[in-house]
Amino acid sequence: MNLWARLRSWLRATLKHSGMASEMDAELRFHVEAYAEDLVRGGVPHQEAMRQARIEFGGIERAKEECRDARGVNFIENFTQDLRFGLRTLRKSPGFTAVAILTLALGIGATTAIFSLLNAVVLRLLPVPNPQQLVQFTYTFPPNGPENWNSWFGYPHLERFRRQAGMLSGIFGGTGLNRVSVGWHGSPGLAQCDAYTDNFFAVLGVAPQQGRLFAPGDDREGADVVVLSDRYWRSRFAADPSIIGQTILIDQLPFTVIGITPPKFSIYVGGARDLWVPLHALDRFTPDPNRWRASFTSWLLIAGRLGPGVSLAQAEAELDIIHRRLYAEQLAVSEYRDSQSWQRLVRESHLVLHPAATGMVSGLRHAYELPLKLLMGVAGMVLLITCVNVANLVLARASHRRPEIALRMALGSGRARLIRQLLTESLLVATAGGALGLVIAWWGGALLVRMISTGDSPVPLDVRPDWPVFGFTAAVSLAGGILFGLVPAIRGTRVDPGPALQRGARGTTGSSRFLDRVLVAVQVTLSLVLITGAGIFTRTLENLRHVDVGYQRDNILMFSVDAKLAGYPKERASALYGAILEKAAILPGIQSASVSTVRPVDDQYYLVDRIRQVDGRALPDGETIKVAWNAMSPGYFSTVGTPILMGRDFDLRDRGATSGVVIVNESLARQVLPGQNPIGHRLDGAEIIGVAKDSLYGGAREQPRPVLYRALFQGKGGTDPSQWVGAGALSFELRYRSRAGLVDEVRQAVASVDGHVPIFHVKTLRAQTEDSFLRERLLATISSFFGGLALLLASLGLYGLMAYAVARRTAEIGLRMALGARRREIIWLIVRETLWLVLAGAVAGIPLAVWPSRYAKALLFGIAGADPVVFATSVAALTGVAVLASFLPVRRASRIDPMVALRYDG
Amino acid sequence: MDKPLDLLQSRLDRLMRTAVSLGSLSAYGMLLGIQQISKNRLEIQQGPVYPALYRLDHRGRITSEWDESENNRTAKYYRLTAAGMRRLQTEVEKWNPIADVIAGIPGTTPEEV
C-alpha cells in the first residue's frame, strides 16, 4: 500500500533529523503547556499546573523515543550511536581489539590473496566489449575423451570458416612467432610476437590508444606493419608517441609501427604479447607457400564473435558441418586417404566451441585452475578458523561484560537492541580486519605471482585488487563479522539482570561452556583437514624430487640461443651453433659441453615422431611406433650424465657420413627389437649406433617411454646437414666444476662469436627440475603455511579454553588437593579434557580430510589421496601441539595452593 | 503489510484515527475530543498518543501541518488522508457488527440461549 508514503516519511525524518527532533519537542511542549493552561483555568496555580501536566503526560523522553521508532528513524540513529559506542568500547580494550583485528586480517588477507590470483587466472573477463560473445574454435579427435581435443587448425580451415560461417559476426585467426628480436636505432632486444589476420582487433572490438590498429588490407603478401602493446611501448620506447610511423627491425626485417593497444589488452591469461604483425608477414620471416595450403596441420588459433542472438550451440552446429565437410574433402586428395587412422579421424572429429569470455585456452589456466580452486577452499577454512578464534575471544569478553550488559538490560534496553549493538562492534572489528587483510592480500598476491614465475621475467598477471576483489573482501569481512559476532551476541544477552548484577562477572552457564568447547573442536577439525592436505602435497613434492629422472641434476648450466633472432638464415645457423659450442667447451671450469633441440626436463618442446620402417621393412598402418625424439651434438649424454649402455655416442665421424645414425633408449630398443642386440639395425634408414639408459623425457611425472636420439649436425639420411637446426632455439648444456662467474663468461663467449646473438633461459638443471615442480611446490608451500597457521590458531583457542577452565576450577582443584589428590591426578584432569577435544576433532576431521584429497587426485604423485601415514602423522602432530598448548594451564593447575585457592573463591 | 501491533496499540491507533476523522485537530484537541465523545469514561494516557500519531503519519493515514492555535500559539494539526479515510470505513464496517454482538451479550438472559 503506502510504501511510498512511508519511504517519504522515513526519508524526510532521516534527512531533516534535527528539524524533526525540534518539531517533536515543540509539539510535546505545546501539549504540556496547553494542558497546564486548562488546569490554570480550572483554578490550579501556574507552577503546580505545569508539574501536574508533566506528570500526567508520562515519560516525555520515552514518548519521543517511541515516536522516533514509529517513524523508523531509529535505525540510522541507533547505528551511528552504536558505531560511536562500539569504537569507544574497542578503544577501551586495545589488547582484545588488536588481537582480533590481526587474526582476522590474516584470515581475510590469505583468502583475498588467493582469490585475487584465482580472479586473475580464471575469473577475469577480457577487457573488450561483450566478451561473452567470444568463442574459440577447437576440434576433437578419436578416441573422443576429455583430453583429446586440439585448438590449433590449418589455414584452409580459417579460410573456409570465414567464407561459409553465417552465425558469427567475425572470425579471426593467428599464431605465435614466439620470441623475436626487435632492433631499434641499432640496439637489440627480445619480444613476444603474434601474427593475426587483419580483422583481429576489429572483431575483438579494441580501439587504439595511439595511432591505428590493423585495418582491412593490412594482411597481405609482404605485410610490414606492426602494433605494439601498451606494456612494450612503455618499457621499450618510454611511451614515446612519435614511435608511430617509425620503422623497427623484427628479426632484422623492417616493420612500420602503426599503433598502440590500450593498457591491459591481452587475449590470454598469463600470455602477454608485445607485438602483433599481420598473419601474412610470416612469409617474410620464413617463406613457406605450403603453409597456406597444407591440410591436417595444427598451427593456427581460430576464434570469433557470435552474431547477435546466436547461441553457442547454434554456431557450433553450423561450424561442425563446415569442419567435417572440409576434412572429408582434404582426406580425399591426401596421401593418407587409405590410412584407417586418418579415416577414423575424419569420421569422428567434431568442432567444439569454447567460450572465450575469460580468454583463449591458456596453459597457465589449465595448470593452475584446480590448484587455485583447492587453495581457495583451504584459505576459506583458514578464514573459518580465524572467525572461530575471534568468536572465542568475543565470547570470553562477553562473560566479562555480563555486569555491563545486565545493567543495561535492567535500565530498559531491549535485547534486540543490545544484540545489534554487540554486532556493530563485531562488524567494526571485521571492517578493520578486512582493510588490513586487503593490504596483506596486495603484498601476498604479488608474492604468489613471483612463486609461479619460472621464466626470465615474471608471469604477466595483474593481481592488483580490482572491483571483484574489493567486493569479495567486503563480502567475506561482513560474513565473517556476522559469523563470529552473532552467536556470542545472542548468548551474551541471555542474561537475567538480577542475579547477574549480584554475582558480578563470575561463572558462565553450562551451555556456554559447551559452546566454547564445540568452537575449539571445530578448529581442531579444520586444522586436521588442513595439515593433512599439507602433508599430502608435501609428500607429493618429496616423491617427485626423489624420482630418478636419468640425469645427473647437479653442476649443469643450460642456456638457449636462437640464430633466427640474430637474422641468421637456416643454412648458416649450424655454423653459428657449432662455433658457440666450441667456445663454450673451452671455458675454464667446464668439463663437457653439448647442444640439443630439447633440453633435459624441457618446458618448451616435446617432439614426437613415428617410426615407419625397421630394417627396410615397412610397418603396417596402425603398428608404426610413436616415439619422442631429440637431436643433439656429440657429448650430450656424458654432459647430462645419462650413460650409454651399448655402442657409442655420436662423434665427429657422423657429421659427414652418407647415411644417418641414431641412438635409441632402452624402452625403444625393447619395443622395436625385443631380445636382440639393436646395434647395427636400421630405423627409417638410419643406423642404430648406441643404446642409452632410459631417462624421463618430459620430467619426473612421466613413465619411461621410447625415445629416438638423432645427430643434430647430421640430419636425416645425411642429405640435409641442417635438418634439425634452424626451426627454433637450441639449448646448450655445460657440465661445470665451479659456477662462480660462469654465466658472465658464457655471455662473453657467445658475444665473441656474434655480439647480436641473445642468450636466454639461462638455468641450472637443478633449477629447471625444481621449476617443473612449481605447481606442486606452490600447493605444498601454501598449504603448509595455511596448515601451520591453522594449527597455531587452534592451539591458541585450546590454550584460551584450558586457561579459562583452570581459572574457573581453581577452587575445585584446591579442594581436590586439600582432600589428597596428587599432582599427577590434577595434571591428568586437565590433559584429559584437552585430549577429549582433540579426539572429537580428529574423529570429525578424518572423513572430512578424505574428501578434498580425493578431489585433488590429479595433483598428487606417488601417494593415494587417503594416505594412512599422513593421517597418523597429522593426528600425532595435532595431539602434540594440543598438549603443548595446555602446558601452561596445566602447570598453573598443578601449582595451585589449596589454602589460597579455597580462601580466594569460597 | 502492517506489522502486527499488540491489541492495546491497535486500539489506540483506531481511536486516534476516529478522532482525527472529526476534523483537523491538534493532538491535545484530539484527547479532549475523545474524552468528550466517551463522556469522560475513557481515560487515555497522554504520552502514548504521540507515537500512535507518528505511526499513522508514517503509514500515510494522516497528514499534519503547523498552524495557529486559538490562543495564538503554533500547534500541529492532523487530518485524515484519503487512504486513512478508506481504511477507517472498512474498519467501521467490520467493527459495527462485532460491537452489536458484544453490546447484546450483557443483556442476554439464560432463557434466551
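The values are calculated or read from the model by the stated rules, or taken from the named source; none is laboratory data. In this text, all values refer to a predicted model and were calculated from it rather than measured experimentally. Here Cβ is always computed from backbone atoms with ideal geometry, including for glycine, and neighbour counts include all displayed protein chains.
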(message) Please go through the range A:319-370 and give me each residue that is surrounded by 18 or more Cβ atoms within 10 Å (Cβ to Cβ) and over 36 Å from the mean Cα position of the chain (by Cα), ordered by number.
(response) A:Leu326, A:Tyr327, A:Gln330, A:Leu331, A:Trp342, A:Val346
(message) Taking the criterion of being free of Cβ contacts under 8 Å to residues at least 40 places away in the same chain and part of a helix (DSSP H, G or I), would at least one residue in the range A:364-374 satisfy it?
(response) yes
(message) Let me spell it out: the conditions are (1) at pLDDT below 90; (2) crowded, with 16+ Cβ neighbours inside 10 Å; (3) not β-branched (Val, Ile, Thr); (4) not in a loop (DSSP other than H, G, I, E, B), and A:Asp602 meets all of them except one. Which number is the exception?
(response) (4)
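What helices (runs of 4 or more DSSP H), lying completely within the range B:1-81, carry at least 1 residues that are over 22 Å from A:Glu61 (Cα atoms) and at pLDDT 75 or above? Let's see the steps before the verdict.
Numbers: elements: B:7-21, B:27-37, B:49-58.
Qualifying helices (runs of 4 or more DSSP H): B:27-37.
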(message) Could you check the range A:793-820 and list, in sequence order, the residues that are of a type in the set (A, V, I, L, M, F, W, C) and assigned to a loop (DSSP other than H, G, I, E, B)?
(response) A:Leu819
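Report, by residue number, each residue of the range B:59-84 that is more than 10 Å from chain A (Cβ to nearest Cβ) and exposed (fewer than 14 other Cβ atoms within 10 Å of the Cβ). Even if it seems obvious, please write down each step before you answer.
Just the residues of the range B:59-84 that are more than 10 Å from chain A (Cβ to nearest Cβ), to begin with: B:62, B:65, B:67-68, B:72, B:77-80, B:82.
Those that are more than 10 Å from chain A (Cβ to nearest Cβ) and exposed (fewer than 14 other Cβ atoms within 10 Å of the Cβ): B:Glu65, B:Asp67, B:Glu68, B:Asn72, B:Ala82.
Got at least one residue in the range A:821-829 being aliphatic (A, V, I, L, M), out of contact with any strand residue (DSSP E or B) (no Cβ under 7 Å at 6 or more places or on another chain), surrounded by 19 or more Cβ atoms within 10 Å (Cβ to Cβ) and part of a helix (DSSP H, G or I)? Outline the logic, then answer.
Of the range A:821-829, the ones aliphatic (A, V, I, L, M) are A:821, A:826-827, A:829.
Imposing the further condition that a residue be out of contact with any strand residue (DSSP E or B) (no Cβ under 7 Å at 6 or more places or on another chain) reduces the set to A:821, A:826-827, A:829.
From what's left, surrounded by 19 or more Cβ atoms within 10 Å (Cβ to Cβ): A:826, A:829.
Checking which are part of a helix (DSSP H, G or I) leaves us with A:826, A:829.
Yes, the range A:821-829 contains a residue that is aliphatic (A, V, I, L, M), out of contact with any strand residue (DSSP E or B) (no Cβ under 7 Å at 6 or more places or on another chain), surrounded by 19 or more Cβ atoms within 10 Å (Cβ to Cβ) and part of a helix (DSSP H, G or I).
Among the candidates A:Asp320, A:Asp283, A:Asp338, single out the residue that is of a type in the set (Asp, Glu) and not in a helix (DSSP H, G or I). I'd like the intermediate steps shown before the answer.
Details: A:Asp320 fails: not in a helix (DSSP H, G or I); A:Asp283 fails: not in a helix (DSSP H, G or I).
Criteria check complete, one pass: A:Asp338.
Scan the range A:657-688 residue by residue and report those that are in a loop (DSSP other than H, G, I, E, B) and free of Cβ contacts under 8 Å to residues at least 40 places away in the same chain. It would help to see each step written out before you state the result.
Initially, the range A:657-688 is screened for residues in a loop (DSSP other than H, G, I, E, B), giving A:657-660, A:673-681, A:684-685.
Scanning the range A:657-688 gives A:Pro674, A:Gly675, A:Gln676, A:Asn677, A:Pro678, A:Ile679, A:Gly680.
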(message) Suppose we filter the range A:419-463 for residues that are without any contact (Cβ under 8 Å) to a residue 40 or more places away in the chain, part of a loop (DSSP other than H, G, I, E, B) and either within 15 Å of the chain's Cα centre (by Cα) or surrounded by 15 or more Cβ atoms within 10 Å (Cβ to Cβ) (or both); how many remain?
(response) 2
(request) Can you give me the number of residues within the range A:706-765 that are of a type in the set (D, E, K, R) and at pLDDT below 85? (result) 3
(message) Go through the range A:254-311 and report how many residues are of a type in the set (Ser, Thr, Tyr), over 27 Å from A:Pro188 (Cβ atoms) and exposed (fewer than 15 other Cβ atoms within 10 Å of the Cβ).
(response) 2
(message) Considering only residues that are assigned to a loop (DSSP other than H, G, I, E, B), in contact (Cβ under 8 Å) with a residue 40 or more places away in the chain and surrounded by 13 or more Cβ atoms within 10 Å (Cβ to Cβ), which ones fall in the range A:620-656?
(response) A:Asp621, A:Ser633, A:Pro634, A:Gly635, A:Gly641, A:Thr642, A:Arg648, A:Asp649, A:Phe650
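For the range A:538-566: of the residues being among the small types (Gly, Ala, Ser) and outside any helix (DSSP H, G or I), which is nearest to A:Arg701 (Cα to Cα)?
Here is the first cut: in the range A:538-566, the residues among the small types (Gly, Ala, Ser) are A:550, A:560, A:563, A:566.
Narrowing the set further to residues that are outside any helix (DSSP H, G or I) leaves A:550, A:560.
On the way: A:Gly550: 13, A:Ser560: 24 Å.
Per the stated criteria, the residue is A:Gly550.
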(message) Testing A:Gly862 on (1) out of contact with any Leu (no Cβ under 8 Å at 6 or more places or on another chain); (2) surrounded by fewer than 16 Cβ atoms within 10 Å (Cβ to Cβ), one condition comes back false. Which one is that?
(response) (1)
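Confirm whether A:Trp836 is at pLDDT 85 or above, surrounded by fewer than 16 Cβ atoms within 10 Å (Cβ to Cβ), among the aromatic types (Phe, Trp, Tyr) and on the phi < 0 side of the Ramachandran plot.
On the way: at pLDDT 85 or above: yes; surrounded by fewer than 16 Cβ atoms within 10 Å (Cβ to Cβ): yes; among the aromatic types (Phe, Trp, Tyr): yes; on the phi < 0 side of the Ramachandran plot: yes.
Spelling it out, A:Trp836 is indeed at pLDDT 85 or above, surrounded by fewer than 16 Cβ atoms within 10 Å (Cβ to Cβ), among the aromatic types (Phe, Trp, Tyr) and on the phi < 0 side of the Ramachandran plot.
Could you count how many residues in the range A:876-898 are touching a residue at least 40 places away in the same chain (Cβ under 8 Å) and part of a helix (DSSP H, G or I)?
Start the filter on the range A:876-898 by keeping residues that are touching a residue at least 40 places away in the same chain (Cβ under 8 Å), which leaves A:877-879, A:881-886, A:888-890, A:892-894, A:896-898.
Add one more test, that the residue is part of a helix (DSSP H, G or I), and what stays is A:877-879, A:881-885, A:888-890, A:892-894, A:898.
Total meeting the criteria: 15.
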(message) Every residue in the range A:738-755 that is in a loop (DSSP other than H, G, I, E, B) and either in contact with a strand residue (DSSP E or B) (Cβ under 6 Å, 6 or more places away or on another chain) or surrounded by 14 or more Cβ atoms within 10 Å (Cβ to Cβ) (or both), please.
(response) A:Asp754
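Take A:Val99 and decide whether it is among the hydrophobic types (A, V, I, L, M, F, W, C) and either in contact with a Gly (Cβ under 9 Å, 6 or more places away or on another chain) or surrounded by fewer than 18 Cβ atoms within 10 Å (Cβ to Cβ) (or both). Steps first, please.
Details: among the hydrophobic types (A, V, I, L, M, F, W, C): yes; either in contact with a Gly (Cβ under 9 Å, 6 or more places away or on another chain) or surrounded by fewer than 18 Cβ atoms within 10 Å (Cβ to Cβ) (or both): yes.
Judged against the criteria, A:Val99 is a match.
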(request) Just give me the residues in the range A:683-709 being of a type in the set (D, E, K, R) and more than 16 Å from A:Val614 (Cβ to Cβ), in sequence order. (result) A:Lys693, A:Asp694, A:Arg701, A:Glu702, A:Arg705
